[in-house]
Amino acid sequence: MSATTLAAAPPAGRARVTLRLVLAGAILLLALLPALNRLPADAALHVSDFTIAVTGKWITYAILALSIDLAWGYAGILSLGHGAFFALGGYAIGMHLMRLIGPRGVYGHPVLPDFMVFLGWPELPWYWWGFQHFPFALLMALFVPGLLALVVGWLAFRSRITGVYLSILTQAMTYALMLAFFRNDMGFGGNNGFTDFKELLGMPLNTGNARAVLFYASLAALLGCLWLCARITASKLGRVLVAIRDAESRIRFLGYDVTQHKLFVFVLSAMMAGLAGALYVPQVGIINPGEFSPGNSIEAVVWVAVGGRGTLAGALLGAFSVNALKTWLTTVAPEFWLFVLGGIFVAVTLFLPRGLVGLLDRRGTGR
Amino acid sequence: MSESSQAVLPMERPPVLGRPRPPRSDAVLYLDGVSVVFDGFRALNNLSLIVEQGELRAVIGPNGAGKTTMMDVITGKTRPTEGVVQFRDIDLTRLDEAAIANLGIGRKFQKPTVFDALTVFENLELALKAPRNPWACLRWMLSGEARDRIAATLAEIGLTARAGDRAAILSHGQRQWLEIGMLLMQDPEVLLVDEPVAGMTDQETEHTAALLRRIADGRRSVVVVEHDLEFVRALGCKVTVLCEGAMLSEGSIDHVQNDPRVVEVYLGR
């Protein structure tokens, strides 16, 4: 498909340098935000707590966008279920945060979270074991999404399910998980999910300090993921992925095991999404099955499409710009947001197949 | 290469059941009694073919004769309904495309499919024989030796000056040569080349014939599927004529052109 090829051509020459400078400037600016938050409230450059909280959340969205871009923009795996990996990472950290509440819960039970006491459960189910330890929870936030991606990906890629069928499959995956997590007997708090978190790593949440720490942790994770993605896409593996995206059946005849490469990138991408979810939940203070809703996954794909798939900067640009618009519009005219989102997606698909990044480099020669 | 048709398999062989007869020691490709049935349509009908080491072979036949299906069967894209397909003594019917490619069977498709988003150099680099797993690809560093091999292939296919260009902007003929170059980078023992000169100018056709003759250098075997009889004549090799999924005739180009059966179904029309 020529459209795919065109959409994926990274900007060339000067556009590329501009893009990198903008990116570096934006990241530097982000890094300054928590410091500006410490200024007195009446200072000109003071940044509100709200801004820090919202921007910190956007950074985790940017990691999610990056993970989708790696799978979709480079390897052509259009996952409409990445929200599930994000939510699973969030649930893993949520379980840790719930365990840390301890006897401070409404029912004052020393071990069991409130909802288990409420349901009359006598003891902690086995799959909650170990979550009192932060490193274990963090590991699970990566491992569980990775494992799910491995199983789903293996079944799908081995059977050569591609394109729209794969998208539907991943959409069904996140929908099924949403229904499962809504059930009280799953042991994940049913439709209320987890909330009322108290602390993380000995640090009380909902303080300026915790916000700054989580903000910087998210920014560090974003930079780490960006570095990893840049490393992959600049390597021969990146070129194999592009080849798979553009002519999957052709590269098999060069002796590449497409299933292996797709699995590698899909699992890695799911783990990145899980990490994003793990950083998101302590910042927003809640995780519930709504995070699995298919709409969330689709919205995240829209971010990448708007920014420009097949370029790492595009994923970041899309995540920040669409979410900034969303935050603004949902306060000004909340009833219009979904129409605007749909409209943006249609408009980008029709008029800006290479996304916002494509605007920088209209000649379309690429590379 | 012998001009005689003594090496030709008997025309009317019954389908092989049970254990296959061991192939001759110098056969690189060995097809025996191969049939492919799609919804009752026999794309290949009890086809047998032997390609020897270092041989250049042309396969011709009218549209729908099964030429491309034959390539699909050899490269693992299509499973034969019945019959034996071997590369030396390895059964190809149980392997997938990637495994067969890694054994040393390279394929060039009729429609050139190079990777448009990558440069000519990168296309060749992808094809270069090297570990193919994701981790190895991530750690891959282009060695001086690899660079030399790519440079040599670029020179062979005449695209040295275009090395840094994206494949998307190559001309049709250049894309065909790039594909042949990608085949060479895999260092295969057998090259299957599907209609390499379709849509080429006369000059490009001549260039391609010379390139293919050079490639079949006594070590590599090359099977060329082609419509263009002048091109086949320029190859100067043994010719196999397929018709309705089976072999109709085999021998030199003069032999098959004078074969009354061939004249009837193909050339005479």
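List of remarks:
- Each of B:I157, B:G144, B:L178 was placed along the dipole of region B:114-185 (beta-carbon charges, centred on the mean Cα), and the one lying farthest toward the positive end is B:G144.
- Shielding value for A:254-265 is 6, the average number of Cβ atoms from other chains within 10 Å of each residue's Cβ.
- Residues B:D217, B:D72 in ascending order of nearby Cβ atoms (within 10 Å, fewest first): B:D217, B:D72.
- Near B:E97, once Lys and Arg are set to +1 and Asp and Glu to -1 for all other residues with Cβ below 13 Å from its Cβ, the sum equals +4.
- Counting other Cβ atoms within 10 Å as a rough exposure proxy, the listed residues B:K111, A:K236 run B:K111, A:K236 from fewest neighbours to most.
- Aspartates and glutamates with Cα under 18 Å of A:K236, excluding same-chain neighbours fewer than 8 positions away: A:D69, A:D246, A:E248, A:D257, B:D116, B:E122, B:E125, B:E145, B:D148, B:D165
- Amide H contacts of B:V223 (H built 1.01 Å from N, in plane; Pro and chain starts excluded): B:R57, B:L191, B:L192, B:V193 sit under 5 Å, all sequence-distant by 5 or more or on other chains.
- Overall dimensions of region B:114-185 as given by Cα atoms, namely Rg and Dmax in Å: 11.7, 35
- Net dipole in debye of the protein assembly as shown [+1 Lys, Arg Cβ; -1 Asp, Glu Cβ; about Cα centre; nearest 20]: 1280
- Largest-first principal axis extents, alpha carbons of chain A, Å: 64, 57, 38
- Ranked list, fewest to most other Cβ atoms within 10 Å of each Cβ, for A:L177, A:L21, A:L352: A:L21, A:L352, A:L177
- Sequentially through region B:153-161, phi angles give Karplus couplings (6.51, -1.76, 1.60; θ = phi - 60°) of 5, 4, 5, 4, 8, x, 10, 3, 6 Hz, Gly and Pro residues having no value and appearing as x.
- Sum of side-chain charges, B:P196 neighbourhood, beta-carbon under 9 Å (Lys, Arg +1; Asp, Glu -1): -3
- Qualifying lysines (Cα of each under 21 Å from Cα of B:K111; at least 8 residues distant if same chain): B:K67, B:K77
- Sequentially through region B:95-112, phi angles give Karplus couplings (6.51, -1.76, 1.60; θ = phi - 60°) of 9, 8, 4, 5, 5, 5, 4, 6, 5, x, 10, x, 9, 10, 7, 4, 8, x Hz, Gly and Pro residues having no value and appearing as x.
- Partner shielding of A:243-251 amounts to 5, given as the average count of beta-carbon atoms from other chains within 10 Å of each residue beta-carbon.
- Rounded to the nearest Hz, the phi-derived 3J(HN,Hα) couplings of region B:197-209 under the Karplus curve 6.51 cos²θ - 1.76 cosθ + 1.60 (θ = phi - 60°) are 10, 4, x, 8, 6, 4, 5, 4, 4, 4, 4, 5, 4, where x marks glycine and proline.
- Structural descriptor for region B:114-185: relative contact order 56 percent, calculated from alpha carbon pairs under 8 angstrom and at least 6 residues apart.
- Convex hull projection area averaged over all views, region B:73-216, Cα basis, nm²: 9.7
- Placing +1 on the Cβ of every Lys and Arg and -1 on the Cβ of every Asp and Glu, with nothing else charged, gives chain A a dipole about its Cα centre of roughly 1440 debye.
- Projection of the Cα convex hull of chain B, averaged over all directions and equal to a quarter of that hull's surface, yields 15.2 nm².
- Cα-centre dipole for region B:196-258 with unit charges at Cβ (Lys and Arg positive, Asp and Glu negative), debye to 20: 380
- Over all projection directions, the Cα-based convex hull of region B:40-129 averages an area of 7.5 nm².
- Charge sum, other residues only, whose C-beta stays under 15 Å from B:R132's C-beta, Lys/Arg counted +1 and Asp/Glu -1: +1
- Altogether, the Stokes-Einstein calculation at 10 °C and 1.306 mPa s, with the Kirkwood radius of region A:171-229 over Cα pairs as Rh, returns a diffusion coefficient of 110 µm²/s.
- Helix-only CD estimate at 222 nm, as mean residue ellipticity for chain A, using -39500 (n - 2.57) per DSSP H run (n ≥ 4): -22500 deg cm²/dmol
- Charge dipole of the protein assembly as shown about the Cα centre (unit charges at C-beta), most positive-ward option of A:F292, A:L241, A:T331: A:T331
- Contour minus Cα-Cα distance for A:R20 and A:A43 (0.36 nm per residue): 5.2 nm
- Cα-derived Rg to Rh of region A:223-367, Kirkwood definition: 1.00
- Cα-based Rg / Dmax (Å) for the protein assembly as shown: 30.1, 100
Since every read-out is calculated from the coordinates, none of them should be taken as a lab result. As the structure is a computational prediction, the values presented were derived from the model and not from experiment. Neighbour counts are summed over all protein chains in view; Cβ atoms, including those assigned to glycine, are modelled from backbone coordinates with ideal geometry.
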